[in-house]
Every structure is written in C-alpha cells, then in structure tokens.
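Structure, as structure tokens:
The values are calculated or read from the model by the stated rules, or taken from the named source; none is laboratory data. This structure is a prediction, so every number in the text was calculated from the model and none was measured. Cβ: placed from backbone, ideal geometry, glycine included. Neighbour counts: every protein chain shown. To get the accessible areas, we keep the full protein, side chains included, count just its heavy atoms, and leave off ligands, DNA and RNA. Shrake-Rupley method; radii C 1.70, N 1.55, O 1.52, S 1.80 Å.
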Amino acid sequence: MPISDPDKLISKADKLTKLSLTRWSADWRNATLLYEEAANLFRVAKKNEKAKEAFEKASKGQEMLSSPWDAAKHMESAAALAKELGYWNEVTDFYRRASELYMECGRPQPASDALAKGARALEDAMPEAAVQLYNDASAILEEDGKEQMAFDLYRAATSVYIKLEKYSDAASSLLQLGLAADKCNATNSQCKAYLGAIIIYLHAHDFKQAEKCYNDCSQVDAFLRSDQNRCASKLLSAYTEGDIEEIKRVVQSSTVSNLDHVVIKLARKLPTGDVSALKTDAGKEEEEPLDENDLT
C-alpha cells in the first residue's frame, strides 16, 4: 500500500539520499519522486512551510539528475510558497536560482519571467530588490535580442522608482525603454518614453536635466518629428516663460493622456516648483551678452 503521509515520504526520501554502510550511492531518482509527491500533498493540505522545504529538496533532486528545467519549476514553486509565508529574502533567492537554472537550459525567456515574478512579489515588501530584479530580467531579454518583450519590465521598474521617489532612476529607466524601442523600430513607444522622462525631471524640479534630456532625445529623428516632441517643447517653453496656465493646459493634452498611468499622475501635478524663478533666470541669461558689450 502506498504511503500517503507526506512526513513519512520525506523521511524515506532523506534516507535514500544519505550514504551509509549499506548504501554506497544516493538514489536521487526515487528520492526526488518522493519529495515531489510530498511537496504536492503538503501544498494541498496548506502546510506551506513543509511544502516549500519539500519543493526545495525536489529541486535539488532534479539538479542531481541533470534536469535543470524541472529543478527550476520546483524552485519557482518554493518561491511562490515563500511569498505566501512572507519570507522575502527567500523569494529573491529562489526566483534568482530558478532563473539561473532556466539559463542552464538555454531558455532566456522563462529565466527573465522568473525574475519578473520575483519582482512583482517584492514590489511592496522590498521595492529596492524588486527594481533590481526587473532590471536583470530586462537585461536577459535584451541580450537575447527580444527588446520589445522588455518594455513592460522597464515600465514596471519606472513605477517602483517613482514610488520610492527616485525620479532620476525612473527617468533613466524610461530612457532605457526608449533605447530598446529604437532597436526594434517601436517609434511610438520610444517617443512616449522620452516625453515621460522629461516630465519626470520636471516633476523633480530639475529643469536643466529636463532640457538636456529634450535636447539629447531630439537628436533622434523619429522623436524630433513626433507629437511627443511638440508637447515637450511647449511644456519647456511654458516653464521658461513662467506661464503656469500654459503648463496646466499642456499636461491635460491628449498626448500626455496617452502616456503610462504613473507618468500621467506626475504630469497632472505640474508645475511643482517655483516657475517664476526660471523666468527670472532666463531673463538674466538674455541680458548677459548685452552687459558684456556695455563699455560705458
């Protein structure tokens, strides 16, 4: 009669993997089958702690049997249970290990997906770790020449950076999205990313960086001829002129309304800094050449 007690299955499997006077080699094949059965029984019984440990052992078993794909699947199961238990460091470690195992199989997409799952699980509890996982997941796809599949990962990273009020990192993330979009001729996504980055800099009271970003992005012909470029130009001009009403009008435009939700929310709060100071600075810069030529 088969054993249906998962604790006994684990005990039996552990014995099969331990060497003794009577057992000179570990029987990983049979032990792994027992670990897998126990893991599923524990999971059904909602014994998450024991189920997690059993999946870890099952993953190790599949590794010993040179089956990294199955090992990765079990590691993902362990990670999902670690999430349920609130073991956030294990969530990071397990999804990273699953990703490594998928890469051993030569499967970059599931490797990236595993990191993205980990990132989503950690967004609230460990946002710093989450953005790192999102960035690593994007890097795997880009190295595989699948830039378009990384767009949502860059957007997700941007959203977390904004929650952390790391506006420079958020803008950089959108600029990376723009670069990835450029590689696969996704012009619309590219132009929206560039406008989004400019808006983020303005929200962070960094007009000079917003202006530099605009000038740099305008070197790209697709952006130079886009609605997003015209919108950014109007916005920067309104800032330079200290025209608060015009800023508010521009951020209500359909061009801004078509950006990512987190960027729209920032745009609708503009202007956030002292716009009149920019107007004063702009006026001084215009006067300076005249002052230098004034010999009286």
Next on the checklist: Can you tell me how many residues within region 244-268 are without any contact (Cβ under 8 Å) to a residue 24 or more places away in the chain and open to solvent by 40 Å² or more (accessible area, probe 1.4 Å)?
Outcome noted: 10
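Yes or no, residue by residue, for (1) under 30 Å from A204 (Cβ atoms); (2) touching a helix residue (DSSP H, G or I) at 6+ places or on another chain (Cβ under 8 Å); (3) modelled with pLDDT of 95 or more:
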position: S66; (1), (2), (3): no, no, yes
position: A79; (1), (2), (3): no, yes, yes
position: V91; (1), (2), (3): no, yes, yes
position: E100; (1), (2), (3): no, yes, yes
position: A129; (1), (2), (3): yes, yes, yes
Item to check | P6, sole failed condition from (1) touching a residue at least 12 places away in the same chain (Cβ under 8 Å); (2) open to solvent by 60 Å² or more (accessible area, probe 1.4 Å) | outcome: (2)
Checklist outcome for this item: Selection from region 11-57 of residues among the hydrophobic types (A, V, I, L, M, F, W, C), in a helix (DSSP H, G or I) and within 22 Å of Y87 (Cα to Cα) yields A38, A39, L41, F42, V44, A51, A54, F55
Item to check | The one condition in (1) among the aliphatic types (A, V, I, L, M); (2) out of contact with any Asp or Glu (no Cβ under 8 Å at 6 or more places or on another chain); (3) open to solvent by 20 Å² or more (accessible area, probe 1.4 Å) that L122 fails to fulfil | outcome: (3)
Item to check | Residue satisfying condition, being over 22 Å from K269 (Cβ atoms), out of contact with any helix residue (DSSP H, G or I) (no Cβ under 6 Å at 6 or more places or on another chain) and in a helix (DSSP H, G or I), within set D182, D124, D113 | outcome: D113
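Per-residue answers, yes or no, for (1) closer than 20 Å to D136 by Cβ; (2) surrounded by fewer than 24 Cβ atoms within 10 Å (Cβ to Cβ):
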position	(1), (2)
R43	no, yes
N48	no, yes
E53	no, yes
E56	no, yes
D70	no, yes
L85	no, yes
A98	yes, no
Q109	yes, yes
G118	yes, no
